[in-house]
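Please read the structure below before turning to the comments.
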Amino acid sequence: MQKVGLFWFNHDLRMDDNAALLRAAAEVDKLICLYCVDSTSAGPGWQQPAKLSTRRREFLFESLEDLDSQLSRYGQKLIVRTQSPLEAIAQLITVHNVSHLYSSNHVGSHEKRIWSTLSKRYSMLQFTQSHTHTLFDPSQLPFSIEQLPESFSKFRRLVEKMDLDAVIAPPLNAPVNLPPPALVADMAWQPVWQEQFPSNPNAQSPALFKGGASAGEEHLRGYFAKDLASSYKQTRNGLDGMDYSTKFSPWLANGTLSPRRIVQQLKEYEARAGANDSTYWIFFELLWREYFQWYGHRHQKRLYGFSGITDSAPNTSFYPERFKKWCAGNTPYPIINACMKQLNVTGYLSNRGRQLVASCFVHELGLDWRHGAGYMERQLVDYDVASNWGNWQYLAGVGADPRGHRRFDLQKQAQIYDPKNQFVQRWAGEQTLLPLDSVDAADWPI
Ligand SMILES: Cc1cc2nc3c(=O)[nH]c(=O)nc-3n(C[C@H](O)[C@H](O)[C@H](O)COP(=O)(O)OP(=O)(O)OC[C@H]3O[C@@H](n4cnc5c(N)ncnc54)[C@H](O)[C@@H]3O)c2cc1C
């Protein structure tokens, strides 16, 4: 009897360093490679392409196209279904007698729920998941996930006590071969996608990032071919431009780039150009990412809760007018307006910019942080569930910040990071200064 495998691609849109895909290559006779665009009204909003910014949607589309083209070199093809994964996988299991199911283990609670439902419903099948989104496997961490330290500093100290060269496994190469497809014909998804979601001809500027593992690998090689890494620590708080930080995040987020491949390239760079504080700091930031991943695995639904991982709700609410002004970059704060306009046009915002707009959202505008996190989720090309919601919680004082409160002085920050006002001018941050709340005299009691 033939073994038929189904690989559910999700946030691991690559052939490189994909342990579950290698298992599939070794174990089954035929393979279905599936990606689901959950555009059903019953599906969660954040998975529906129509709800995503054009930048984020285009980046995803390019990533899927690139994956499809890589698979075609193996005689394989990517099946893209506009259905919930639960529905699509259930149908394919029945129609094609699937015996083995594979995917990467992801922190998202939606993905976890689907996998758990499938493994209960089809307990006679073989289920395989691997951690491809992180540097470590949970078994390598010096604590259980339930005992994840409550602060990043404690996490880092424990992790750095390990022999990291030995613990962070070298990235796995792409499979040599893949089994042939079990499903020969399926609808061509690209024309449907392009018809439903035409690219934006009025985009104010070309995309900063091209989606797909090929573009991600090229960016990685290009970054380390220059000497930017040697001064990263001094430049990383920049607000505008491609070179002040690594810009690995878009490809890391949808798994077109492996974090272990980055660490391997970083080590090679250090061997060639010398290690210093800056090269270490790139690793340090990747540890932040790592921390938020395990934080998400540990806290699951609490990642999205108003009180976060604490027991007290913030003293904030929802004011539609303020929210709208923040999203559009029409607040009384020029630096915030510039950041929000940059985000809306490019789908990317610097780390410093994200900290400022989140601090403003919570502390100046008194808004419920979850709406800010939700807005970034739709806009960011590098949206990553754990990094986004974990950082927002941190800034809102309901997360992993031991200080419990982080409010940025926006004027002071602008003086430090935009001393010549160039960033604000470039993004027209002063053009649309509006008061926080409009007051309609008719609303006042006589
Ligand atoms: C409110 C807020 C929301 C955020 N949302 C996201 C998100 O959705 N996706 C995302 O990838 N990052 C998010 N970040 C973290 C950080 O801003 C971005 O990872 C970083 O700006 C990406 O640019 P870069 O690749 O050039 O980063 P670099 O400065 O070059 O850092 C290298 C890598 O380290 C990781 N990293 C750096 N800083 C952080 C951090 N604070 N938390 C987690 N990982 C980090 C990223 O993977 C990044 O690619 C958020 C931060 C804040 C304050």
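Just to check your reading of the model, which residue among 355, 293 is in the same structural domain as residue 268 (by TED's automatic domain parsing) and under 17 Å from the mean Cα position of the chain (by Cα)? Answer to the selection: 293. Contact map, the stretch 1-25: residues that are under 21 Å from residue 96 (Cβ atoms) paired with residues that are among the β-branched types (Val, Ile, Thr) and in a loop (DSSP other than H, G, I, E, B), Cβ distance under 8 Å, separation 6+ or inter-chain. Pairs shown: 3/28; 4/28; 4/98; 5/28; 5/98; 6/98; 20/132; 25/176. Of the residues making up the stretch 358-380, just one is more than 19 Å from the chain's Cα centre (by Cα) and of a type in the set (S, T, N, Q), namely 359.
Entry remark, the stretch 201-236: residues being assigned to a loop (DSSP other than H, G, I, E, B) and under 20 Å from the mean Cα position of the chain (by Cα) number 7 in total.
When the stretch 267-288 is filtered for residues that are touching a residue at least 24 places away in the same chain (Cβ under 8 Å), assigned to a helix (DSSP H, G or I) and of a type in the set (Gly, Ala, Ser), the ones remaining, listed by number, are 273, 278.
If you go through the stretch 107-124 and keep only what is buried (at least 18 other Cβ atoms within 10 Å of the Cβ) and assigned to a loop (DSSP other than H, G, I, E, B), you end up with 107, 108. Here residue 133 does not fit the description of being within 21 Å of the chain's Cα centre (by Cα), assigned to a helix (DSSP H, G or I) and in contact (Cβ under 8 Å) with a residue 24 or more places away in the chain. Of all the criteria given as (1) outside the structural domain of residue 286 (by TED's automatic domain parsing); (2) buried (at least 20 other Cβ atoms within 10 Å of the Cβ); (3) hydroxyl-bearing (Ser, Thr, Tyr), the one not satisfied by residue 199 is (2). Can you tell me which residue in the stretch 38-66 is modelled with the lowest pLDDT, limited to those that are outside any helix (DSSP H, G or I) and under 16 Å from the mean Cα position of the chain (by Cα)? Across the stretch 38-66, the extreme among qualifying residues is 48. Filtering the stretch 407-430 to residues that are among the charged types (D, E, K, R) and either out of contact with any helix residue (DSSP H, G or I) (no Cβ under 6 Å at 6 or more places or on another chain) or within 13 Å of residue 352 (Cβ to Cβ) (or both) leaves 409, 412, 418, 420, 426.
Take the conditions in contact with a helix residue (DSSP H, G or I) (Cβ under 8 Å, 6 or more places away or on another chain) and loosely packed, with under 14 Cβ neighbours inside 10 Å and apply them to residue 170. Does it pass? Yes: the conditions hold for residue 170.
The residues of the stretch 138-175 that are free of Cβ contacts under 8 Å to residues at least 12 places away in the same chain and either of a type in the set (Val, Ile, Thr) or in a loop (DSSP other than H, G, I, E, B) (or both), listed by number, are 144, 149, 163.
Of the residues examined, residue 178 is one that is part of a loop (DSSP other than H, G, I, E, B) and under 21 Å from residue 72 (Cα atoms).
Elements of the type helices (runs of 4 or more DSSP H) sitting completely within the stretch 354-431 and holding at least 3 residues that are within 14 Å of the ligand (Cβ to nearest atom): these cover 369-379, 385-396. Give me a count of the residues in the stretch 289-343 that are in contact with a Cys (Cβ under 8 Å, 6 or more places away or on another chain) and either part of a helix (DSSP H, G or I) or within 24 Å of residue 245 (Cβ to Cβ) (or both). Total satisfying the criteria: 5.
Residue count for the stretch 221-262 satisfying the condition of being surrounded by 22 or more Cβ atoms within 10 Å (Cβ to Cβ), among the β-branched types (Val, Ile, Thr) and within 11 Å of the ligand (Cβ to nearest atom): 1.
Being surrounded by fewer than 22 Cβ atoms within 10 Å (Cβ to Cβ), touching a His at 6+ places or on another chain (Cβ under 9 Å) and of a type in the set (Phe, Trp, Tyr): is that true of residue 408 here? Against the criterion (surrounded by fewer than 22 Cβ atoms within 10 Å (Cβ to Cβ), touching a His at 6+ places or on another chain (Cβ under 9 Å) and of a type in the set (Phe, Trp, Tyr)), residue 408 qualifies.
The values are calculated or read from the model by the stated rules, or taken from the named source; none is laboratory data. Given the structure is predicted, the values throughout are model-derived calculations rather than measurements. Counting neighbours? That spans all protein chains shown, and the Cβs are built from the backbone with ideal geometry, glycine included.
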